[in-house]
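Below is one structure, written out as structure tokens, with a few remarks after it.
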Amino acid sequence: GEKVEQHESTLSVREGDSAVINCTYTDTASSYFPWYKQEAGKSLHFVIDIRSNVDRKQSQRLIVLLDKKAKRFSLHITATQPEDSAIYFCAASTSSGSWQLIFGSGTQLTVMP
Amino acid sequence: AQTIHQWPVAEIKAVGSPLSLGCTIKGKSSPNLYWYWQATGGTLQQLFYSITVGQVESVVQLNLSASRPKDDQFILSTEKLLLSHSGFYLCAWSLGRIANSDYTFGSGTRLLVI
């Protein structure tokens, strides 16, 4: 079955710098790639997603890139702010088996003032 | 507006005791419902999903069971808790297949088994 690997377990950046979190997946049939943010002690909050018919999507300071050949997708947070500090999870789902969302292991992002 | 409510917010239970966690969706009919488990400091593991009343599919059981007694309700339970059941349980819902619709998580139930 699908496996999602999230490469950075922790990431520290200075306020105003960019942060990049990378994920890879194994199932070539995967077509939907959401990202979630989890603040300490809280639930997951959707931040952005990308579908396999595009290779780039931007929402304000968030950019998601998808490289289907490499089976890799990444979240770029530009102009980071202290409130961006949280755990970020990538995930993948296929069109055919899309009752399942497979998550990466999470990246603890710390934005230092 | 759609709301997803999980109960209880937190529980401390003894090993071997029963457990029942609930999830209710208001404002949408026939939602697809999901249960996830997150070990402390860990990733999310999908446990069950249900696309219709009375039908539940298991992804990973972890000695837990799930039921959908009503269209808007999803229950996670076990008769005998294990220490390994500790963690954060999240319910989620979507209207369609995950890749084609929004997928929203509830606020979660934190469980400590002692």
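The values are calculated or read from the model by the stated rules, or taken from the named source; none is laboratory data. Given the structure is predicted, the values throughout are model-derived calculations rather than measurements. Glycine gets a Cβ as well: all are built from the backbone with ideal geometry, and neighbour counts include every protein chain shown.
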*Could you grab me the full set of residues in the stretch B:27-36 that are within 11 Å of chain A (Cβ to nearest Cβ) and not hydroxyl-bearing (Ser, Thr, Tyr)?*
B:ASN32, B:LEU33
*Find the strands (runs of 3 or more DSSP E) located wholly in the stretch A:54-113 whose residues include 1 or more that are under 16 Å from A:ASN22 (Cβ atoms) and either under 10 Å from the mean Cα position of the chain (by Cα) or modelled with pLDDT under 95 (or both), and list them.*
A:62-67, A:72-77, A:86-94, A:107-112
*Of everything in the stretch A:1-32 that's modelled with pLDDT of 95 or more and of a type in the set (A, V, I, L, M, F, W, C), which residue is farthest from the chain's Cα centre (by Cα)?*
A:VAL13
*Can you tell me which residues in the stretch B:68-103 are hydroxyl-bearing (Ser, Thr, Tyr) and surrounded by fewer than 21 Cβ atoms within 10 Å (Cβ to Cβ)?*
B:SER77, B:THR78, B:SER84, B:SER86, B:SER101
*For A:SER18, are the conditions met, namely being under 17 Å from A:GLY104 (Cβ atoms) and either touching a residue at least 60 places away in the same chain (Cβ under 8 Å) or not aliphatic (A, V, I, L, M) (or both)?*
no
*Say whether the condition of being over 12 Å from the mean Cα position of the chain (by Cα) and within 14 Å of chain B (Cβ to nearest Cβ) is met by at least one residue in the stretch A:33-40.*
yes
*Residues being under 30 Å from B:LEU111 (Cα atoms) and surrounded by fewer than 17 Cβ atoms within 10 Å (Cβ to Cβ): count how many of those fall in the stretch A:13-52.*
6
*Looking at the stretch B:84-106, which of the residues that are within 20 Å of B:SER29 (Cα to Cα) and in a loop (DSSP other than H, G, I, E, B) is nearest to the chain's Cα centre (by Cα)?*
B:GLY106
*Could you tell me whether A:SER93 is farther than 22 Å from A:ALA40 by Cβ and within 13 Å of another protein chain (Cβ to nearest Cβ)?*
yes
*With A:SER9, A:SER43 as the choices, which residue is within 12 Å of another protein chain (Cβ to nearest Cβ), touching a residue at least 40 places away in the same chain (Cβ under 8 Å), in contact with a Ser or Thr (Cβ under 7 Å, 6 or more places away or on another chain) and polar (S, T, N, Q)?*
A:SER9
*Could you pull out the residue among B:LEU44, B:LEU83 that is farther than 27 Å from A:GLY1 by Cα and of a type in the set (A, V, I, L, M, F, W, C)?*
B:LEU83
*Given the conditions (1) more than 19 Å from A:LEU44 (Cα to Cα); (2) of a type outside the set (Val, Ile, Thr); (3) within 14 Å of chain A (Cβ to nearest Cβ), which single one is not true for B:LEU62?*
(3)
_Just to be sure I understand, how many residues within the stretch B:38-58 are within 30 Å of B:GLY27 (Cβ to Cβ), within 13 Å of chain A (Cβ to nearest Cβ) and either buried (at least 16 other Cβ atoms within 10 Å of the Cβ) or over 12 Å from the mean Cα position of the chain (by Cα) (or both)?_
14
